[in-house]
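**Q** Below is the structure I would like to discuss, written out as structure tokens.
Every number in this text was worked out from the coordinates using simple rules, so none of it is lab data. All figures in this text were calculated on a predicted structure; none of them were measured in a lab. Every residue, glycine among them, receives a Cβ derived from its backbone with ideal geometry; neighbour counts consider all protein chains shown.
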Amino acid sequence: MGLFKNKKRDIPQPNSQEEVQYRRYQHYYQEPVQPRKRKRVSKLFGFITILIILIIAFYLAVMYMWSRTSDVDELVKIEDKPAYVHVEDMPDYTKNAFVAVEDKRYYDHEGIDLRGVSRALAVSLKNGELTQGGSTITQQVVKNYFYSNESQLTRKVKEMFVAKRVEDKYSKNDILSYYVNNIYFGENNYTIEEAANYYFGATVNKNNQNLPQVSVLQSAILASVVNAPSNFDINNISDSYMTRIKTTLEKMKQQNYISDSEYTQAINELNQ
């Protein structure tokens with residue numbers, strides 16, 4: 001009986017001196033082990049984060065210095081093309097057909113559309129590869145003139161730096177003029193005037209009295225081909241090309257570049 005009583009007294013009771021000492025032992029000698037591990041992991045994560053930031057900063061610095069070798073003053077040479085027509089001499093619906101389909105925020109941004117870039121980046125991360133989207137008209141001017149044969153990631157970064165300089169130097173109408181006069185329309189046509197002459201026997205120049213003026217539909221057809229001139233044939237419009245032209249006309253109407261009646265007339269002409 002006495003033996004059981006002794007054992008009972010040996011069991012630590014709640015708030016007993018033994019339990020207090022045991023908890024102190026746990027606090028001072030055992031529990032700090034976990035925080036030390038977490039601290040090491042936290043330091044490692046912080047080091048890796050800083051390293052990544054430094055690598056990205058170094059890469060951007062190199063791309064910026066490399067982009068400075070592109071002389072934006074050279075873009076004026078595009079004006080020397082025999083078929084060059086400034087967009088101020090074109091119908092508004094013609095120049096804005098390209099804005100509607102390629103860069104709807106063209107008149108609002110300064111060469112880089114952050115929303116477009118973010119959207120393209122999200123698609124790239126989802127698909128696991130760099131997507132083609134996100135480039136503004138200004139960036140496409142830079143790409144077509146300076147960087148057409150470079151790898152995509154390197155080119156994209158340099159495009160952004162140079163595009164900002166282009167926007168600082170030239171007006172929106174100048175930049176849009178360089179775009180439509182230095183892009184491939186198929187069949188060896190690299191200006192919009194050459195393409196209008198070749199495909200429609202028309203002109204985009206309001207001052208040219210020798211040829212009929214390009215129509216709303218014809219403007220939409222030209223704006224729709226530049227994205228994939230090797231896949232679309234203006235002389236033999238496929239179902240997919242037809243769909244793209246209709247989409248372009250719809251965007252032109254939504255962005256108030258053509259009226260409802262102009263849209264209806266163009267759709268009727270296309271269906272014929």
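**Q** With the cut-off at 24 Å, tell me which of the pairs Lys95/Lys206; Lys81/Lys143; Lys158/Lys251; Lys77/Lys158; Lys104/Lys172; Lys95/Lys158 have Cα atoms farther apart than that. Mind dumping the intermediate values first?
**A** Values: Lys95/Lys206 12 Å; Lys81/Lys143 18 Å; Lys158/Lys251 30 Å; Lys77/Lys158 21 Å; Lys104/Lys172 13 Å; Lys95/Lys158 26 Å.
Violating the 24 Å limit, Cα to Cα: Lys158/Lys251; Lys95/Lys158.
**Q** Work out the charge dipole of region 173-272 with +1 on the Cβ of Lys and Arg and -1 on the Cβ of Asp and Glu about the Cα centre, then indicate which of Leu176, Ala202, Ser259 is farthest towards its positive end.
**A** Ser259
**Q** Between Ile55 and Leu153, take the C-beta separation as r, use R0 = 22 Å, and let me know the FRET efficiency to the nearest 0.05. Intermediate results must be reported in sequence, preceding the final value.
**A** On the way: r = 14 Å, r/R0 = 0.64.
The calculated FRET efficiency here is 0.95.
**Q** Still on this structure: Per Stokes-Einstein, at 10 °C and 1.306 mPa s, what whole-number D in µm² s⁻¹ belongs to region 48-271, with the Kirkwood radius over Cα pairs as the hydrodynamic radius?
**A** Details: Rh = 18.6 Å.
Diffusion coefficient, whole number: 85 µm²/s.
**Q** Sorted by packing (mean other beta-carbon atoms within 10 Å per residue), highest first, where do 256-266, 93-103 land? Before the final figure, lay out the partial values.
**A** On the way: 256-266: 15.7, 93-103: 23.6.
Ranking the peptides 256-266, 93-103 by packing returns 93-103, 256-266.
**Q** Suppose R0 equals 41 Å; then what is the FRET efficiency for Gln265 and Asp80 from their Cβ-Cβ distance, rounded to the nearest 0.05? Provide the component values of the computation, followed by the final result.
**A** Working: r = 37 Å, r/R0 = 0.89.
Efficiency at R0 = 41 Å is approximately 0.65.
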